[in-house]
Each structure stands twice: as C-alpha cells, then as structure tokens.
1. Return the distance in nm (one decimal) between the two label points of a simple spin-label model at residue 565 and residue 91, each offset 7 Å from Cα along Cα→Cβ.
2. Note down the accessible area of residue 26, probe 1.4 Å, to the nearest 10 Å².
3. Stretch residue 234-residue 266 to full length: gain in nm at 0.36 nm per residue minus the Cα-Cα span?
4. If a/c stays under 1.5 just call it rounded; otherwise compare a/b with b/c (prolate if a/b is bigger, oblate if not). Do that for region 486-573, with a ≥ b ≥ c from the square roots of the Cα gyration tensor eigenvalues.
5. Which cross-chain or sequence-distant (5 or more) residues have an amide H under 5 Å from the amide H of residue 213, H modelled 1.01 Å from N in plane?
6. Once you have the Cα-Cα distance between residue 363 and residue 218, take 0.36 nm times their residue separation minus that, and quote the gain in nm to one decimal.
7. Heavy atoms only, 1.4 Å probe, whole protein assembly: order 282, 624 by accessible area, highest first.
8. Note the per residue figure in Å³ for the convex hull of the C-alpha positions in region 82-229.
Amino acid sequence: MSENFSPMSEPRRAARISYWLIAALCFGTFAFQLWYSAVRTSAIVDEPAHILAGHRHWQCGDFGINPEHPPMLKMLASAPLELRTLNDPPWQCGSRITSKPDLFLHGTKFVIQNGIDDVIIPARLTAALFAVALAALVFAFVRRIFGRAEALTALALFAFEPNLLANAALVTTDMTLAATAFAAVTALYAFCRKPSGRRFLLAGLAIGLLLAAKHSAVIFVPILFVLTLADALIFGAPQSLLAKRLFRRAVAFGGIFLIGLTVLWAFYGFRYRALPQPDAATVSVAEYIVANGRLETADSKSAKIVARVAEWRIFPESYTLGLADIVATNSRLMVLFDRAYPTGQWFYFPVSFMIKSSVALLLLLPLGFLFSIFNPEKRREMMFLLAPPVAFFAVALTSGINIGVRHILPVYPFFIVAAAVGAVWMSRRARVFRYFLIMLIFYHALTAIRTAPEYLAFANDFWGGTENSYRYFRDPNLDYGQNIKFVKEYVEREGITDCWAALAGNIELTIASQPCRTMPGSFPLSTSDQPQEPVPPVIEGTVIIAAQVMPPRGGAEYVPIIQTEPIARIGAGVFVYRGRFQIPLVAALSHAERANHLIRLNRLDEAVADASKAVELAPADARTRLALARSGQRDAARGEFEKTIEAARVNPVYRNAEVRARQELRRLEGK
C-alpha cells in the first residue's frame, strides 16, 4: 500500500487541517478585536496630532510638523484620507515649523471638521496593519525555528494579549516600534546564522524600518550591534581567528546600518531640511529644546550630543529635532499607587509590567528563560529572543517619562515567543502540563474577551482585574481619552439631560462627542474660536469624572465631589456622581483655562480679568498663578511667575505649571 493511502494518512491530514483552522481562528479573532477596538473607543489624545501630521507629510512633504515622531506610521495611517477632499489648517502647508500647541489645537479641529469617526476609524484600521504583520511574522518565525506547536502557542498568546490589543489599533508609534524591532532582530538572526547578500539587504531594510518607526528605536542600534558581536564571539566558526570574526561582523553590521540609514532618509524624501522650501532656515537644536522642555535640559550632556549629531547631519533635520524632543521632555509627573512623583522612577515599568501583563504571559515567561538554560542546542536562538528585550527593558528603567506600559511594548512579542517555547518544552517533559497549558490559553482568551474594548485600562486578575486598574494608575495605563463614547452612551441610556463632565482627552473632542457641559480635565487645550464659559462655584445634577483628573494626578479641585459615593461607573476609570457640590477650585481653574485661551486669541484685557478671578478664587494654586502671570504686563508678570514657581514647590502635581512658569520667565528676561 502506498504512503498516500496508509492508515496514518487520514489522521495526519485531519491534524494538519485542525492545526491550520486553529491558526486561522487566532488570526481572525485578533483582526476582529482590532476592528472592534478601533470603532468602539474614542480618539485618544495623540491621534489627531499624528493624523494631521501624516496628512501634511503627504500634502507637501512638511516634516516641520510633529518632528518628535518619524513619518512612517503617520503616513501609513493617513493614506486613506488622501483620497478625500479635506478641510486643512489655516496656514500654507510647509510654510513654518508647527509648534506643539498649534499641532494639537489644529489636529483636533482637523479631525472634528472632517468627521471624527470618518477620520479616526480608517486611520486606525490602516495603522493596525503593523500588528497583523507582526502576528504573521511571529507565527512564521517560531514555526520555522522551533516548531508547529510552539508557533500555534505563540500565536494564541499574541492574539489575546491585552497590551498588544490596546495599542495595535491606535494611530501611535508604539506598536510600530514593537513590530519593526521584532523584524529587525529576526532579520539580523537570519543573517548571522547564514550570511548572504539577500539576508544582508533584508536586515538593512528591517533596521531602516525600525529607525523610521519611533525615535526610541535608536536604543536598539547599540543593542543589536553588541548582539551581532556576541553571536560571532560565542557561535562563530572556532577555526577562524576571533579578532577576524569580530572585525568581519562589525563591518557587516556597519553596512547593514548604512542601508537602514538610507531607508530612513527615503522616508524624508532624501531631504535634510524639515520644511519643503529649498531656502528654509534650519532649526537650532538648543532653541528647540528650550522651547519644548525644561531649562536645565538645554545644557545637559544629552542636548550637546544631539546638537553635535545635528552638526554632522547624519539624520534628516526633522529626525534630529525628534531626538532633541526626547531630551527636552524626558521628565514628567509620574503617578503610581496613588502617589505622585515629580519625575519617572526606576520601578514604574517593572510594576506596570506585573500589573498590566496577562496572567498567561507572567506564568509562562519563566519557562522561556529556563528553556534557554537547559536546551543548549537552541541557546543561540534564545539569545536573540531574550537579550534585546531585556536590554531595552533595562534602559527603560532610567527613563524620566513614565506614562504607560506602551513605552515598553517592544518587549512583548519577544517575551511571548519565549513563553510559548518554554511552555511547549515543559509540556513535552510533563504530560500533565499540557492540560494546564490548554486551560491557561482558554482562560487567556476569555480574559481578552471580557476586557474588550477596555484594553488600555487592563489589569490582570492577580491585581483584581481591569475594574481595579484605577487604584494603581492615573496615566495612559488607565485612560488616554478612549472613554468619551462610553460617556455619551451612558448619558443617552439613562435619559440624563443636564450633566457636567471632567474627562481625560482633548477638550474639543470631549465637547463634540458627548452632551455634558465640560469642566477642566487632563488636557485643557481648546480649538474653538470662542473660549468656554467658566464653571460656576456651585453645581448640581449628574457629574461624570475620570479618575485621571482625580488626586494625586489632579489637584484637590474635585475632592468635594469624589468624597461622596459614586452612583455608577463608566468603563474602568470614569465615575458618576449626583448631588449639589461646592467646587470653587474647579471654578478657578476654568477661569484660568479661559484666560489662557483668551491670550491665544490676543484678547489680553479679558484674559487679565479671568486670570484675576482665578487667583481670587484659588490664590495658593500654582495653576491659577500661571494664568495671571501669562496675561500680565512685564513687571507684574515677572512677580507672578516667581509666585507660580514658589506655589508649585508644595505639590508635584503642579510640576507642569512650574516648568511652564520657568520657560515663560526665561523668555521674559530674554534668555
């Protein structure tokens, strides 16, 4: 009897069909979850700015807008919009370097004027292609290097990991970095294992896409260089001289990097200047840092290094300004476990990883490390899988920006693969473990299903689940503006006709997306032509407040409300209250925000009146002092800026007010 008709062929064929059906189910479920998240959640804070920037990149090659992020993701996400006729910002494309306030202000207006969902949803679905490509790459790589069972396990872990689902369908650069980092490492592994011209070019292309994904990709460059040398040192041909092996590998990596650098320049049209005009003036790195960051960063060692890079013109001007932006903004308020810190702390990312990662990943990841120890025949592959994410994680511990586990998202695909490989290895050693693994994967999938679409706020069951995430976080780990649609649905469902809301997210998107009157939230910039009416000192009715604006990230303004018992919760981090509340500090801040808006409209007399009212209602609050200082005359402003700095020292919550006051004072003094 031929092999095709052997008794074993039918079971084998059935197993093969089952295998591919399960894989297809995982891919399909992953894609569906991305679509569901894209259409159900509201635009987060950064998305309008990224979408407008991508549109300007296509429109005239303007890279002077949003230089803090490379153009690749923004151009991909905004590509579907270029098939439409769009309302543009009120300045000629490429005519000037766009400031951050203008970018956020007009990015929000751009989205509203062109239809919020009509802009956001197509952009998100296009951006999600990076996540789909990463899922396919993870599956293909693991299947080829480790085996069928390992690939299917890795795909199942990947498809239901809440942190990947949270960021995959957003117009942000975090998933793009995760995808290109994994692609770069696997391409480099393939070249080191068996060098060839084709693999050399693929590795260079992957490095180029990595550099074009996000500026923190530069962290991976020295990591990958050391990894390349380590591979030659440990796994190179023993018959060749060590020095010769290392030299050849270093030269090869240099060539790969040069190809990658060429790819990066291609995204900027092989043009150095950020603006498209041939005679456009270049931007001073030092001035850019002063304008966008803390004063002390302008003279830091990092600032001097970026300035030297700018002199050498290794990167396009816009890319260098993005590196400068990292230097300028590498220190922000951090909140963890209801405690505020003036800047990032080393323990933020380890704690966030333990709370935000799925139970399945946390339980299986140690097996991946054990596999690398007890399986020397796969030690080379595990070095490539584990060294880059561990090194990246270690560098992240030094960051002063602690605003979400999304900033360490690149570690997840590597750790998922390691966890899957270790889990299958243990299943083969202990038969009972495979039943545990199957149950764990089902539990993993159910966790993602019951979390949907609140992936951004996810916390694992070891920490009480997503509903307790607000107890630990007051940052994008909890809320980044994604809940505004849910607020609208709640108000309509309950038949509420008179309500107030203080939410996380762009204030104009909040106004446009739900019916409640707004109060000061976590992102006060307004794009309207007329400033909002101030909030009265006493309000009554239904009040909806995001945990993001509560203490300790917010000040004490909402304490009179949140000290009462909420009547409902919307999503993971938005609470509903009802009653009559005295909120003089909220009223003061609304006058301060109104004053800042009037300053932008150059209505200075009105700004002074509102700022004075803000200080009258809350004289000790640094945020009201800042508004009065910005609206005053030179001598009066100097004194108010100094009072703002003094008031800010009592509470790390006021750090942003202190930073802005120091910037304004320096400009006032002509420094």
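1. 5.3
2. 10
3. Values: separation 32, 0.36 × 32 = 11.52 nm, distance 3.54 nm.
Here the segment from residue 234 to residue 266 would lengthen by 8.0 nm.
4. Working: a/c = 1.38, a/b = 1.09, b/c = 1.27.
Taking the square roots of the gyration eigenvalues as a ≥ b ≥ c, region 486-573 is rounded.
5. none
6. Numbers: separation 145, 0.36 × 145 = 52.20 nm, distance 3.09 nm.
Gain in length upon complete extension: 49.1 nm.
7. Numbers: 282 75, 624 0 Å².
Sorted by accessible area, descending: 282, 624.
8. Values: hull volume 24.0 nm³, N = 148.
Enclosed volume per residue, from the Cα hull, is 162 Å³.
The values are calculated or read from the model by the stated rules, or taken from the named source; none is laboratory data. As the structure is a computational prediction, the values presented were derived from the model and not from experiment. Every residue, glycine among them, receives a Cβ derived from its backbone with ideal geometry; neighbour counts consider all protein chains shown. Note: areas computed on protein heavy atoms with side chains; ligands, DNA, RNA excluded. Shrake-Rupley method; radii C 1.70, N 1.55, O 1.52, S 1.80 Å.
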